Amino acid sequence: MPSLPVAGSGFQAIILCGPGVSLTTFTSSPETYPKCLVNIANKPMIYYPIDWCRRSGITDITLITPPSSLAPIQAALQQNPHLTSLPSPSATVIAPKDLEMTMGTAELLRLPEVQECIKTDFLLLPCDLVCEIPGESILDAWMVTQSALGAGNPTREGRSSHSVISSGPGGEQGGRRGGLALYYQTDGREDSVKGEATDFVAITPLKQDEAPAVPHLVDGPAALRFGLSKLVMSMPMDTVKEKIEQNKGFLVRHSLIKKYPEVKMLTKYRDAHVYLLPLWVRDWARQQEKLESVSEDLIGYWAKAGWQQGLDEKLGMNKIFQQDSRESHEDESLEEEIDLRNISTTKAGLNSESPFDASGDKTPLSDSGIETSKSTKLPQLLAYVQRGSAPFIRRVDSSAVLLSTSLLLAKLESIEEVGRQAASPFAHNQKIAYPEGIAQRCTVTKSDCLLAENVTVEPTCVIKESVIGPNCYISSGARLTRCVLMDGAVVESRAQLTGCIIGRRARIGRESVLKDCEVQDANVVPEETDAKNEKFMVFEGLDEGEEDDDMEPSEGFDD
């Protein structure tokens, strides 16, 4: 099947840019340096999801951030060379006045500014996503499985145009399409991190007629359909462990097994927090105030509602669909006045005038002529489960993942070496951006290192498998192995660093020996310091026991 057109379709991307307490060593002041501006392999974190959306053909991109972080993000979009190099139009930034640092993602969707921003089916994703999977293939998979050829049509009064009536695997009509969530494997990867958070994912196979083949740009002509499944459960592993401890075991409802006899439960996967969502989800989030997070509440409950009887009514989903049915029926009534159905080729074969469905069963109608039983059938929630480590996908939401991801990207061949067509979308123009700053009598392993602009390396230094940010200074005799240095960091003579992340404008005293340490921005490590697994930072601005505020449901909007 040929690829569906994606570019210019009107599909929206909403990127959540929270303060980033998960990287608290480097984001202790989100008012001046929010998480989305932390560098991954010498590029701002927000560069990667924006670039991924642009490569996927999505040009309508909106960043959502707390008001306190608005100014630095806008400045970066206008001044950072990596962000200004992205094609026009630039991403839009909105800062809802009531958005709080610890607000859940579903709560965020209810804010008036966000509600007004979402005009059509949308892609919701975090600012810390680094993804090599071709986004256009995932969009194609979603549109084909949902029969959503009208997904990108212009909207009228905030609702999708119904010039093409959709009928996805859930049987929904009038544009009520389902959703799709992405998950990736955490175990057995080159960049695997010990103790990384995982999610519990339960999936069941799609039927043969529910999984049409679509092209996959990485796997060639092989279809993406092998990675698509129905999502029946999704929650953080921490929640699962709590339930097991509370119930003395993992309890499974009979209704799940009765409806889906073949269920696969995965525990070594991570929710990428990338969701393709239909427009009606915006209205559902607004009306259902019990939804606090997208990942655990909105996605988790939606998945369960597909097999847990009566849950859709408790969640108020049926009201959304009934309202859409009434609105669609009103639109159709207007069309009938000028007999559009008889002259339109787009509605051929839909049997719009018959009260019978495709199987020949009569669909009950209410007094107003609106379908009652079929119209409220729940749209399906699908999952794309990416197995293995290629193509690359990762959420950089901890210091350990920041280090491993940066070092992995540093090994990519540069555009200068292999050409733009063969280079990875994450590749830099050169591995060493400022060769003049590197002394002759020093060792820098170019194959696994990345050195940014204005980096100075004095004689007798040894740098292996490391990422050095712009304006850094490495004094004579220093040794760096598997390290990440951010903008303006200074390493004094004969210091030895292994597995460390050094913040912006931080200074490491001479002859210090650090292993697996983190150094906060502008912090100074005294001379001859010997430390292992330590964080050098000033603890301020965080209350004791304050939780991470990322996109996890119970942790705020920026995990």
Under Karplus coefficients 6.51, -1.76 and 1.60, residue-wise ³J(HN,Hα) of region 283-295 in Hz, glycine/proline x
5, 4, 4, 5, 7, 9, 6, 6, 6, 9, 10, 7, 5
Placing each pseudo-label 7 Å from Cα in the direction of the beta carbon, Met265 and Lys314 end up separated by a distance in nanometres of 1.9 nm
What lysines could a cross-link reach from Lys535, if we take a straight Cα to Cα line under 27 Å and drop same-chain neighbours fewer than 8 places away?
Lys35, Lys43, Lys194, Lys411, Lys464, Lys515
Residue-by-residue Karplus 3J(HN,Hα) for region 246-262, coefficients 6.51, -1.76, 1.60, Hz, glycine and proline x:
6, 9, 6, x, 9, 8, 10, 6, 4, 4, 5, 5, 5, 7, 10, x, 10
Residues with amide H under 5 Å from that of Val274, placed H, sequence gap 5 or more:
Leu182
Over its alpha-carbon atoms, region 56-126 yields an Rg and a Dmax in Å of 12.9, 34
Step through the residues of region 475-492 one at a time and calculate ³J(HN,Hα) from phi using the Karplus curve (6.51 cos²θ - 1.76 cosθ + 1.60, θ = phi - 60°), rounding each to whole Hz and writing x for Gly and Pro.
7, 4, x, 6, 10, 10, 9, 6, 10, 10, 10, 8, 3, x, 5, 10, 10, 7
Neighbour counts of other C-beta atoms within 10 Å: give me Asp530, Asp60, Asp121, Asp448 arranged from fewest to most.
Asp530, Asp448, Asp60, Asp121
Given H placed 1.01 Å from N in the peptide plane, which residues other than close sequence neighbours of Asp121 have an amide H under 5 Å from its amide H?
Leu279
Dipole check, region 397-553, charges on Cβ (K,R +1; D,E -1), about Cα centroid: among Thr443, Ala495, Thr481 the Cα furthest to the positive pole belongs to Thr443
Distant-in-sequence amide H partners of Arg507 (H built 1.01 Å from N, under 5 Å)
Val490, Asn523, Val524, Val525
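Just so you know, all these numbers are worked out from the coordinates, no wet-lab data involved. Owing to the predicted nature of the structure, the values given are computational and were not obtained by experimental measurement. Every residue, glycine as well, gets a Cβ built from its backbone with ideal geometry; the counts of neighbours run over all protein chains shown.
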